[in-house]
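The values are calculated or read from the model by the stated rules, or taken from the named source; none is laboratory data. Here the structure is a predicted model, which means the values were calculated and not measured. We place every Cβ from the backbone using ideal geometry, glycine too, and count neighbours over all the protein chains shown. The protein model used for the area step is the full one, side chains on, heavy atoms only, and it has no ligands, DNA or RNA in it. Shrake-Rupley method; radii C 1.70, N 1.55, O 1.52, S 1.80 Å.
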Amino acid sequence: MVSRSYSNLLELASGEAPSPSFGRMSRRIPRIMTVAGIMSDLDDDGSESVCSDPSSSSAQKDRIIVVANQLPIRVQRKTDGSKGWLFSWDENSLLLQLKDGLGDDEIEVIYVGCLKEEIHPNEQDEVSQILLETFKCVPTFVPPDLFTKYYHGFCKQQLWPLFHYMLPLSPDLGGRFNRLLWQAYVSVNKIFADRIMEVINPEDDFVWVHDYHLMVLPTFLRKRFNRVKLGFFLHSPFPSSEIYKTLPIREEILRALLNSDLIGFHTFDYARHFLSCCSRMLGISYESKRGYIGLEYYGRTVSIKILPVGIHMGQLQQVLSLPETEAKVSELVQQYNHQGRTLLLGVDDMDIFKGISLKLLAMEQLLLQHPEKQGKVVLVQIANPARGKGKDVQEVQDETNSTVKRINEVFGRPGYQPVILIDKPLKFYERIAYYVVAECCLVTAVRDGMNLIPYEYIISRQGNERLDKVLKLDSSTPKKSMLVVSEFIGCSPSLSGAIRVNPWNIDVVADAMDSALVMPEPEKQLRHEKHYRYVSTHDVGYWARSFLQDLERTCKDHVRRRCWGIGFGLSFRVVALDPNFRKLSMEHIVSAYKRTTTRAILLDYDGTLMPQNAIDKKPSAKTIEIIKTLCRDKNNMVFIVSARSRKTLADWFPTCEKLGIAAEHGYFLRMNQDEEWETCIPEVECCWKEIAEPVMQLYTETTDGSVIEDKETSMVWSYEDADPDFGSCQAKELLDHLESVLANEPVTVKSGQNIVEVKPQGKTFSKNEKRGVERNKPWDLICETFFIFVCAFSFVSFLV
C-alpha cells in the first residue's frame, strides 16, 4: 500500500522528507468527527514532519491505524499438502469488534500487529501482501527469541504483575527488573513504529495504540511525525503511585505515554493513579476544563479519557440465535433445571489474579453455612487456558484442582457434584448457553482491567423468543439476572445493580452468593433491567466512536501550533508553541547586542542564574564572573531581579559593584553598590504580619516539608518539599483562610508554583522594576536601545 504514504522507506529512515504541503481535510468520521482539521505549515524545518500530496486525499476514506500486539487474524497451515497459510478473521477480537462498531462506509481501518504463528522469513513478503490486500492488516514480524523476551519476558513477567499490584519481593515471585528484557521491549516497539511508517499518512490518519505491550511506541511515532494524531488506550489496570514508582524505568514509560494526544482508561481509579504518577514523578498537574481532563506537557495538551469498553451487541445476539446455542441451552436445562438444581457460573482465565480459588472457598463456605443448599446448588467454573507461562500458572492450576476435589469429596453424593470444573476451551456458543441458564454469575478477580464477562452474561440472560421457549418462559415476563462482582475489576463501577464484594473476604462472598439466590424476583428483574439498559447502549461501537471523537477534538489545534522536538531516546518530547512564537536566533541577538549603545539586561535569579531545584542557592564563582564581565561594559545596565530579600542578594553579590538589584519583586531597588536602596511605591506598615504569621505557622506544623519565608514586605508559605497532593490541598485551604482573616488589610493573597504569598497591594514584579530602571537611567531615545529580559543564563554566557 503505497498511496498517501512513503513509497521510498529509505527517505523516511534518513529523514530526507519532502517539503511540507498545505491543504484542508474536509472529510469527517460519521457521527463522531465534528471539527474539520486544517493543515498549515508544520515547522520551519520541513524534515520535522511528513505530508503526502493533498490532491490525492479527497478521494480517500478517513483512515484509522489500529495498533496492538496481536492482529485480529486466525492463522493455520494449509492442510491439503500445499505450501502456504490460511487466514480468517478472529470474531472474538476486540479490535475487529471495534471496526464493526465504527462502520465501514466512510472509515478505513488498517491493523498493525503480530500474528499468533511464526512465519518463516522466506514467506513473510507473501503473507504481508495477502494480509494487506485481503484484510488490510500489516503484520509485524519479530524474531522468535526477541518476541519471547518482549512478550513472555518483560510484558508478562514484569509489567503485567506490577500493573496488577504484584511486587517482586523475592526472586521466587519473578518479575525482578531485567534490563535486557526492557531493551527487547523497546526494540519491538521500534519495529512496530517502522511498520506503521510504511502505511501512515501523518497529515490525515489517526493512530490508535492499544495496551501495555506498546507503551513506548508513542515516542517513536511522535519523534518521526511531530503532529501525528495519536491515541493510546490501556486495557489493564494502572497501579497506584506507590506501586508504580518501584519500576526502574517509570519516567521513561510516563514520558512515552505523554507523547500521545489522548490516553484512555477504563475507570477513574486507573486514570487517577496515572495522573498522580505524573504529578509526583514528573511534576505535571492536570486540569479539568468543561468536563475534560487534560495535562499540559511542554505546550501540548494531553487529554485523559475515562470510558469502559463495551461488548459487540450484534455478534452476541447472532450467537444467541444459533441453533447450536439453542440445543446446548436445552441440554443444560435438562442437566440442571429439571434436576431441581440452581446453576451458579464462573468464567475466568486460569491465572493468579482471577481469584478462582477464592470463589471456590466461598462456595465451600456457602454449603457449610446453608446445608439446605447441598444437592440444590451447583457452581460451574469455566477455566480458560492461561495467556502467560510460568510457575505461578501451574500453582494456580494445582490449587484449583485440589480445592475442587476436596469440596466434591465432602459435599458430593451420587449424581451430584457441587463444583464442576471445565478446564478445556469451550466454543463461544457453549459459553453463551451457560450464561443463559445460570441464575447468578460470579466474578471474583482480585485485580482485573475490565472483564466483559458480566456484560456478556447480562445480554445472554435477556435472550430471545426461541430461548424463552426452551426455558419455558413467557416472552412478556421481565427477564432477570444476578451478578456478584469483585470491587477490583474495571466493570464494577458501571454495574451499580450488582452485589459488589471484596473477594478476599470469603464470608462476605458466601453471603453475597446466598443473597443472590434468595433475592425476591421483582428485585432481580429491576437489577437486570438497569444493567441491560446500560450495557446495550454502551457497546463497543459507542466506546470506539467516543474515543475517536475525543481524539479529534484534542488534535484539532495541532495545525495552529509551532512544534520543535527536543530530547534524546525515550526522553524525546515535542514543544508546542503559539504560531506567533519565533525561535530565538543567537546570531540575531548577538548582532543587535553589538549594534546597540544602551542596553538593559534583566536577569531572573531562581530558575535562570540558579537551577530551581538546587540545594545551595548561592551563585557560583563562574556566575559572578560572567555578571562582572557584563557590568564592565559601560553600555550595559545589568539588573538581578528576584523575589528574594535585599539583604540576601546584597550578601551574594558583594563584588559586583555596578550590578543593579531589584529585590522582593522590585519593591526595593538599588542601581549599584554606591547608591542607597529605594522603593518604587510608598513604604507601608506590615502590621498585617501579626495576623498572617500564626495562620501560616499552623499550616506549616500540619504539612511536613513546608516552610515560611518572612521577608521585609511579604510572607511566603512554600510547600515545594511537601507531598504534592497534600501540599496543594493545604495551599488551597491556606489561601482561603488568609483571604478571610486579611480581608480588611491592604494586602494581596495569591498562590503561585508551590507557594502562597501575602504582599502589599500594588507590589508587582515587572511594573515596579521597569519603572525604577526608566526613572534612574537617562535613556537616549535617539540612539538604538537594546532591552533584554534574559530567561536562560546560557544565553548570557554566550554573550560574554
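For the stretch 615-639 versus the stretch 114-152, the inter-centroid distance based on Cα atoms is 61 Å. Using a probe of 1.4 angstrom and keeping all protein chains present, the accessible surface of the chain works out to 45 square angstrom per residue. Between H152 and T702, the simple label model (points 7 Å from Cα in the Cβ direction) yields a spacing of 5.6 nm. Taking a straight Cα-Cα cut-off under 23 Å and skipping sequence neighbours fewer than 8 places away in the same chain, the lysines within cross-link reach of K647 are K617, K618, K622, K628, K658, K689, K711, K759, K763, K767, K770. Pairs spanning more than 27 Å between alpha-carbon atoms, out of K78/K391; K190/K305; K427/K472; K305/K479: K78/K391; K305/K479. The share of alpha-carbon pairs in the stretch 193-264 lying farther apart than 15 Å comes to 53%.
Between the amide H of V377 and those of T342, distances stay under 5 Å, these residues lying 5 or more places away or on another chain, with hydrogens modeled in the peptide plane. Once you compute Rg and the Kirkwood Rh from C-alpha atoms, what is the Rg to Rh ratio for the stretch 482-610? We get a ratio of 1.37 for the stretch 482-610. Extents of the chain, taken as max minus min of Cα coordinates on every principal axis and listed largest first, are 106, 66, 52 Å. Under 13 Å from a label point set 7 Å out along the Cα-to-Cβ vector of D674, the amide N atoms of the stretch 635-660 belong to 657-659. Computed from the C-beta positions of K472 and F568 and an R0 of 51 Å, the FRET efficiency is 0.15 to the nearest 0.05. Using only Cα coordinates, the Kirkwood hydrodynamic radius of the stretch 464-510 works out to 12.9 Å. Comparing the stretch 638-759 with the 2.2 N^0.38 Å rule of thumb, its C-alpha radius of gyration ratio is 1.17 (two decimals). Where a ≥ b ≥ c are the square roots of the eigenvalues of the C-alpha gyration tensor, would you call the stretch 483-538 rounded, which needs a/c under 1.5, or, failing that, prolate if a/b is larger than b/c, or oblate? Oblate, because a/c is 1.5 or more while a/b does not exceed b/c. Its Cα centre serving as origin, the stretch 554-629 has a Cβ charge dipole (Lys and Arg +1, Asp and Glu -1) of approximately 280 debye. Were the residues from R77 through N408 laid out at 0.36 nm apart, the gain over their Cα-Cα distance would be 115.0 nm.
Taken over the stretch 352-405, the alpha-carbon convex hull comes to 73 cubic angstrom per residue. When the accessible area of the stretch 716-757 is split by element with a 1.4 Å probe, what percent falls to carbon and sulfur? Result for the stretch 716-757: 43 percent of the exposed heavy-atom area is carbon or sulfur. Kirkwood hydrodynamic radius of the stretch 576-624, from the reciprocal of the average inverse Cα-Cα distance over all distinct pairs: 14.0 Å.
What base-10 log of the normalised intensity I(q)/I(0) is obtained for the stretch 398-463 from the Debye formula, alpha carbons as equal point scatterers, at q = 0.18 Å⁻¹? So the normalised log intensities are -0.91. The relative contact order of the stretch 443-486 comes to 60 percent, based on Cα pairs under 8 Å that sit 6 or more residues apart.
Applying 1/(1 + (r/R0)^6) with R0 = 35 Å to the Cβ-Cβ distance of S585 and D725 gives a FRET efficiency near 0.25. According to the calculation over all Cα-Cα pairs in the stretch 140-285, the P(r) per 5 Å bin from zero is 2, 10, 19, 22, 20, 15, 9, 3, 1, 0 %. Pull out a ≥ b ≥ c, the square roots of the eigenvalues of the alpha-carbon gyration tensor of the stretch 74-159, then state rounded if a/c is under 1.5, prolate if not and a/b is larger than b/c, and oblate in the remaining case. It is oblate, given that a/c is not under 1.5 and a/b is not larger than b/c.
Summed over qualifying helices (DSSP H, 4 residues or more, each -39500 (n - 2.57)) and divided by its residue number, the chain shows a 222 nm mean residue ellipticity of -11500 deg cm²/dmol.
Computed extension gain for R560 through L577, at 0.36 nm per residue and net of the alpha carbon distance, reaches 5.2 nm.
Applying 0.36 nm per residue to the separation of N744 and S321 and subtracting their alpha-carbon distance, the gain on full extension is 144.8 nm. Starting from one equal scatterer on each C-alpha and no solvent at all, send me the Debye-based log10 I(q)/I(0) for the stretch 271-394 at q = 0.16, 0.19, 0.20 Å⁻¹, two decimals. Normalising to I(0) and taking log10 leaves -1.00, -1.11, -1.15.
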